[in-house]
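What follows is a short report on a single structure.
The values are calculated or read from the model by the stated rules, or taken from the named source; none is laboratory data. Since the structure is predicted, the reported quantities are computational estimates derived from the model, not experimental observations. Backbone-built Cβ (ideal geometry, glycine too); neighbour counts: all protein chains shown. Surface areas here come from the heavy atoms of the whole protein model, side chains and all, with no ligands, DNA or RNA. Shrake-Rupley method; radii C 1.70, N 1.55, O 1.52, S 1.80 Å.
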Amino acid sequence: MRLAFCGNDNASAYNISAGVLRNVCFVDALNLVPHVFLLFITFPILFIGWGSQSSKVQIHHNTWLHFPGHNLRWILTFTLLFVHVCEIAEGIVSDTQMKSRHLHLFLPAIMGFVAATVSIVYYHNIETSNFPKLLLALFLYWIMAFVTKTIKLVRYCQDGVPFSQLRFCITGIMVILYGLLMAVEINVIRVRRYVFFMNPQKVKPPEDLQDLGVRFLQPFVNLLSKATYWWMNTLIISAHKKPVDLKAIGKLPIAMRALTNYVCLKEAYEEQKKKVADQPNRSPSIWLAMYSAFGRPILLSSTFRYLADLLGFAGPLCISGIVQGFQNTTNNTNTTEKDPSNSYLSSEEFLRNVYVLAVLLFLALILQRTFLQASYYVTTETGINLRGALLAMIYNKILRLSTSNLSMGEMTLGQINNLVAIETNQLMWFLFLCPNLWAMPVQIIMGVILLYNLLGVSALVGAAVIVLLAPIQYFIATKLAEAQKSTLDYSTERLKKTNEILKGIKLLKLYAWEHIFCTSVEETRMKELTSLKTFALHTSLSIFMNAAIPIAAVLATFVTYAYTNDKPLQPAQAFASLSLFHILVTPLFLLSTVVRFAVKAIISVQKLNEFLLSDEIGDDSWRGGDSSVAYESCKKHTGLHTKAINRRQPLRYQLESYEQPTRKQTRPVEIDDIAIKVTNGYFSWGSGLATLSNINIRIPTGQMTMIVGQVGCGKSSLLLAILGEMQTLEGKVHWSNVNETESSFEAPRSRNRYSVAYAAQKPWLLNATVEENIIFGSPFNKQRYKAVTDACSLQPDIDLLPFGDQTEIGERGINLSGGQRQRICVARALYQNTNIVFLDDPFSALDIHLSDHLMQEGILKFLQEDKRTLVLVTHKLQYLPHADWIIAMKDGMVLREGTLKDIQNKDIELYEHWKTLMNRQDQELEKDMEADQTTLERKTLRRAMYPRESKSQLEDEDEEEEEEEDEDDNMSTVLRLRTKMPWKTCWRYLTSGGFFLLFLMIFSKLLKHSVIVAIDYWLATWTSMDNANETYHVAVFSILSGAGIVLCLITSLTVEWMGLTAAKNLHHNLLNKIILGPIRFFDMTPLGLILNRFSADTNIIDQHIPPTLESLTRSTLLCLSAIGMISYATPWFLVALVPLGIAFYFIQKYFRVASKDLQELDDSTQLPLLCHFSETAEGLTTIRAFRHEARFKQRMLELTDTNNIAYLFLSAANRWLEVRTDYLGACIVLTAAVTSITEGPNSGFVGLGLLYALTITNYLNWVVRNLADLEVQMGAVKKVHSFLNMESENYDGYLDPSQVPKDWPQEGEIKIENLCVRYENNLKPVLKHVKAYIKPGQKVGICGRTGSGKSSLSLAFFRMVDIFDGRIVIDGIDISKLPLHTLRSRLSIILQDPILFSGSIRFNLDPECKCTDDRLWEALEIAQLKNMVKSLPGGLDAMVTEGGENFSVGQRQLFCLARAFVRKSSILIMDEATASIDMATENILQKVVMTAFADRTVVTIAHRVHTILTADLVIVMKRGNILEYDTPENLLSQEDGIFASFVRADM
């Protein structure tokens, strides 16, 4: 067949007798001209001009300027391309009905398609390089195309072509499109004036793009890149080379920052407040505020959602059309040839063509998926914006909360944390699901209508099944939430117990009580597992309903149809309705989730509203004297102009140069220089009752004022009242202005008068480094910093910390003792450059040396030199002589005020009272001098820090897993590691559930999917038969469906059951492994790290892995069975599958790595945000006193934005993946459709292939998402396993427990023979060849400096350390031969740190419940605790709180003594037991040891030498060797002996 442009079967093709424009072929040729013109002009420009520039565009994204009408142009071009495709298709279909090829029918259309594509590429390049002059070429093209198309349209009108003909419609639409594009082009000229105008307009790119830190480009890229997330490619591919960190994701664009959104929401909320201002019983609506702030994007997202849902119905309709068409073509093969002169197609004929339908289906799918992802993206972005705004609102409110609210318990810290962590997230999730609320009903109604059209009444039966079963789904969902809550309660309890075990692990091991505590945790775990079982049951029911309902609905429909209709079921009907049922089921299931979230969101909004309307602190403009006005004006826009009130004080030396001269002048001028005056003040804590009444005081400038009085008389309240934290009932607090003598120029330079340095009674630390805690936002000045740390004697403590003053402290950092925390808080107050310093009882947690040092260096020297006004609350009356002014308080009133002299003259009684108290304090001091608390605190700190190795472990817990690969640590191996799925860990997880369950799961899964495939296969054969036996087919169909439903239930149950068993076994093994671990492990591993395994990781294993695993196996098997089914029907499909498979492999490979990193970033940025909130709520008074609100707000906004950008990138990455997998799915549908149309055996299998291809599109992205999730979750299993490979202590001895005498050790004789001890076999020995002999009943004292091996010796008795040479023989038995449990249960020890467990007193003394009550009372009596315990409610059954917090340290130590006495053992070891207690308790202890333990061998390791002066034998150790070994008398007589020098130093 020869090719000719106008065809060669028509003689009149080249006839132009009726005029050139009357010839159809000529007009078509004319249409080619503009397209060819455009290609000629643009190709050289594109290839030559942009070759050099295109690379630049990628790097500097600051040239992305959108020309006016940018989005409209993209939409119009896409529509144009679609119309061109229709034109090509129409031309080709018309051409197939001719005798010869007519190129003019489709060639111009193809050229038009190419030209339209080039036009948009060209435009994009011009736009990115901002060179608008070149747009003229496009302008000319649109004009020419418009003209030629109009000519064609006019020609059709003249020929009287009817409107129903497709070609006429297409031409008409094109004329409109070209016209619109021309208008867009004219508009660009009008706005940018790049041609025809004298002065072209200069434009700047958006602010975000000038900042290279902004990496989130979604709002700025063109429409195509927006829809396909093309701009994410660079990030996702670079994740492969190096992990994504915060630098890689940059910062948020301005429009999405928390501040921008906060301003929007705040304004909307204020509007609502105004509306209800005159109606006192109505509260402003947060819903309306949210709607007015974020309504537009929600509407946009809903529009996208509607479009996607409507396009979703193209699938079933196209299936029905294709199957129908296929049936018709196989039935009648003869086609009629058309006359070339009348070659017009009508729309119906066009749409009957199967290939056309296949292409339409492909396009509809691509569009539908693009719209759906766009809808998801917009809601996610809006949800994140809303969350940012809400967090900022909550934070601003926290900063203004009245203190009484917090202290009176109306607003607990827990509630605030919940608002931040839970309620804002609930609202965010509600927003994500919100478009579903109105999209679902439309989807359901449309679906039911279409079903009714296909199948008539029987469709309603199926729909009814779905609708009736949906409420059950809702019921299951509510039950799930309940089960989750009870699980949470149990796991909290289990964690509390585990935490106690880990804290007291040393004691448990020494007393051989591990198993008792272990069983207690196991009991709680069993309860937790029971509620996990209900959780698992409901989860599996929910999964079962999801899978079974469509099967049931289809079964009901088709059976009804078979028996009610005369006509047999056609494949077209069957498969279209099947695919409709799949569409219908989704919204009905989501509905239950959405309803649940809606209910939660309503509750969350109520809580939020209550919080936002709660009491605020009074407006404190008065504290600033004159500056209040300026401050107020800034306050309205706190966020926007943080710089205005970022009050960074100038450096100290500048101030001194300004301040000193003026000070000297002012002293004589104003004798009565008062900083603060309170007149007639009545203050309350919000209850309306005055806590402080009739307060009239003044605080002199530049002097030290002391406030004294008994506990609870209102000293701290007075400070807070002055700071404005209390409610003022009447009276006022007056703060004097800046010294009047200073000129206005110097005034602002003076110290910041309005900020008060305040150290609260309860020390409050930030989660930051020590240095940041002290500097607290002021500029760093080395000299000053050193002076302050020395004054608070912090240097020795700082030296102990692993990273010096750069060590993190606070909630998540290293735990410091009370005294250390208090000194840091005082240092913070001293360091700040403020005129006024308030110290609230700074000496309470300090011992006497420190208090004196702080008083002398810090207060008298540092503060007084600076002439700062100091208000000091204290109980230490011995400092009264230093005070310039004294305020004595009693019962919320001022008793006296004046100098010490005044009080001595006027109120002798009070002065005498003070004097007696001072004497008493002085005596206490003498006692105190010996109990040096600080060295102790430092010692504890050193112990906590002791394992230097833990440093490296804190830095990266995952190092241990990568040790094997460390040898060749080059890039490639690291990359291989990051892209590899942790299959080994998965296998470990699966097998920990037991092989039987694993086999059952795999078998039932495979069986279920085979049955489901069989159901559809049967349907295909049944409907394809012309004269089918109804009853037989229906029966088989019903049996298969029933089996499928049962199998769905079985599989969902086995997966959950397997997950539970695995969780149970893993936790059990972990707990036992850790409890039996060597003590060295606990010294080296931070407690938080071990606890994490029991909390976060166990939670993932319990609740997250099973559903992920279920979902992963289900989607994978669905995709595989679908591919198998299509390939079975049309083997050619496999060929097309190869490139798609490769593409899919690379997409998932790249996505998983990036997703994992982004997930980790999201998790790691969330914690600091939550911590910042809780820490602000705790330190409110301090922040407000310092006036640092603005700085803290700024920090909160930064943290919120950091978390939001991580979350945004994570959701954008998910969209990136889904768009790509959806497009792949669409390609699969297209190939499946084309192959089955050309190769398909019968219409039933065509339908089946298409149906399965459509399911693949839904499940492909789930495969990847679940894979990525599983990879992250398997990390938890990996971490747990890293602990399971740890060495345990060797609990078995050579002797059987039965061979050891019942009453061993009876005598208590100890022989130490040549003993060598080390902590681990790769470490140096700590004891070297120690020899000693202790007679039964002797009292032995061991002393030596820190690190001399005293404690190691005590641990050696219990085999807590590795004895590698020599031996210890007790009563004739070598202890290394004994089972550990037997050995440890027969000896007693009292440790330095007294440890009590939560439970009853009885449980603490005798957890094994072996002793009678009399024995316990006797022990308590010996420890002088009997009367105290008797007075408690419940006596022996009185409760001890966690860690024994409800008893003093001394009492706790006495309980430990009683505990040692209860265990009747003839050997007692005291390891520095008196170190942490006061003199009185120590005397009791010494007495008891002498009397109650008279007949037992007592080994005392001494902290203070005078405690062992009465011993029978003293051993002095140094560096693991014994230096002196004799009675104390003999040793003291050696003047130059070590022991003698110790005693002299201690006196």
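Could you count how many residues in the stretch 861-876 are of a type outside the set (K, R), in contact (Cβ under 8 Å) with a residue 40 or more places away in the chain and open to solvent by 10 Å² or more (accessible area, probe 1.4 Å)?
Adding up the residues that qualify gives 3.
Of the residues that sit in the stretch 670-723 and are part of a loop (DSSP other than H, G, I, E, B) and of a type in the set (S, T, Y), which one is least open to solvent (accessible area, probe 1.4 Å)?
Within the stretch 670-723, the match that is least open to solvent (accessible area, probe 1.4 Å) is T701.
Scan the stretch 257-276 and tell me whether some residue there is touching a Phe, Trp or Tyr at 6+ places or on another chain (Cβ under 9 Å), open to solvent by less than 20 Å² (accessible area, probe 1.4 Å), on the phi > 0 side of the Ramachandran plot and in contact (Cβ under 8 Å) with a residue 12 or more places away in the chain.
no
Confirm whether D1292 is of a type in the set (D, E) and part of a helix (DSSP H, G or I).
Against the criterion (of a type in the set (D, E) and part of a helix (DSSP H, G or I)), D1292 does not qualify.
Yes or no, residue by residue, for (1) within 30 Å of P34 (Cβ to Cβ); (2) out of contact with any helix residue (DSSP H, G or I) (no Cβ under 9 Å at 6 or more places or on another chain); (3) among the acidic types (D, E); (4) not in a helix (DSSP H, G or I):
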position	(1), (2), (3), (4)
Y178	yes, no, no, no
I186	yes, no, no, no
V195	yes, no, no, yes
M198	no, yes, no, yes
K202	no, yes, no, yes
D208	no, no, yes, no
L224	yes, no, no, no
W231	no, no, no, no
V244	no, no, no, yes
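List every residue pair whose Cβ atoms lie under 7 Å apart, where the two residues are 6 or more positions apart in sequence or sit on different chains, the first residue falls within the stretch 1169-1180 and is within 20 Å of R387 (Cβ to Cβ), and the second residue, located anywhere, is among the β-branched types (V, I, T) and surrounded by 19 or more Cβ atoms within 10 Å (Cβ to Cβ).
Here the result reads L1169/T1200; L1170/V420; F1173/I416; F1173/V420; T1176/I398; T1176/I1183; A1177/I398; A1177/I416, each pair linking the stretch 1169-1180 to a residue that is among the β-branched types (V, I, T) and surrounded by 19 or more Cβ atoms within 10 Å (Cβ to Cβ).
Residue-wise test of (1) of a type outside the set (V, I, T); (2) open to solvent by 10 Å² or more (accessible area, probe 1.4 Å).
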position	(1), (2)
R1187	yes, yes
E1198	yes, yes
N1203	yes, no
F1209	yes, no
A1213	yes, no
I1237	no, yes
M1286	yes, yes
Y1291	yes, yes
L1295	yes, yes
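Considering each residue of the stretch 432-459, count those that are buried (at least 17 other Cβ atoms within 10 Å of the Cβ) and more than 30 Å from A1212 (Cβ to Cβ), and give that number.
Within the stretch 432-459, the subset buried (at least 17 other Cβ atoms within 10 Å of the Cβ) is 432-436, 439-440, 443-444, 446-448, 450-451, 454-455, 458-459.
Next, only the ones that are more than 30 Å from A1212 (Cβ to Cβ) stay: 444, 446-448, 450-451, 454-455, 458-459.
Result for the stretch 432-459: 10.
Give L1076, L1007, L997 a once-over and let me know the one that is closer than 25 Å to N546 by Cβ, open to solvent by 50 Å² or more (accessible area, probe 1.4 Å), touching a Ser or Thr at 6+ places or on another chain (Cβ under 9 Å) and among the aliphatic types (A, V, I, L, M).
L1007
For the stretch 989-1003, name all the residues that are over 17 Å from S540 (Cβ atoms) and either in contact (Cβ under 8 Å) with a residue 24 or more places away in the chain or among the small types (G, A, S) (or both).
Those that are over 17 Å from S540 (Cβ atoms) and either in contact (Cβ under 8 Å) with a residue 24 or more places away in the chain or among the small types (G, A, S) (or both): Y989, L990, S992, G994.
Give me the pairs, please: first residue somewhere in the stretch 40-53 and surrounded by 10 or more Cβ atoms within 10 Å (Cβ to Cβ), second residue anywhere and aliphatic (A, V, I, L, M) and modelled with pLDDT under 55, beta-carbon distance under 9 Å, and either six or more positions apart or on two chains.
W50/V57
For the stretch 755-780, enumerate the residues that are in contact with a helix residue (DSSP H, G or I) (Cβ under 6 Å, 6 or more places away or on another chain), outside any helix (DSSP H, G or I), modelled with pLDDT of 90 or more and surrounded by fewer than 23 Cβ atoms within 10 Å (Cβ to Cβ).
F776
Hey, among the residues in the stretch 1052-1072 that are open to solvent by 10 Å² or more (accessible area, probe 1.4 Å) and over 29 Å from the mean Cα position of the chain (by Cα), which one's nearest to L532 (Cα to Cα)?
Result: L1053.
Among what's in the stretch 290-310 and is hydrophobic (A, V, I, L, M, F, W, C) and under 16 Å from L584 (Cβ atoms), pick the residue that is most open to solvent (accessible area, probe 1.4 Å).
Result: L310.
Mind checking which helices (runs of 4 or more DSSP H) fall wholly inside the stretch 312-414 and carry at least 1 residues that are modelled with pLDDT of 90 or more?
Result: 314-331, 354-400.
Of the residues that sit in the stretch 533-583 and are more than 30 Å from N1029 (Cβ to Cβ) and aliphatic (A, V, I, L, M), which one is most open to solvent (accessible area, probe 1.4 Å)? Before you say what the answer is, go through the steps one by one.
Start the filter on the stretch 533-583 by keeping residues that are more than 30 Å from N1029 (Cβ to Cβ), which leaves 533-546, 583.
From the residues that got through so far, the ones that are aliphatic (A, V, I, L, M) too are 536-537, 541, 543, 545, 583.
Details: A536: 8, L537: 82, L541: 54, I543: 23, M545: 21, I583: 37 Å².
Applying the filter and picking the extreme gives L537.
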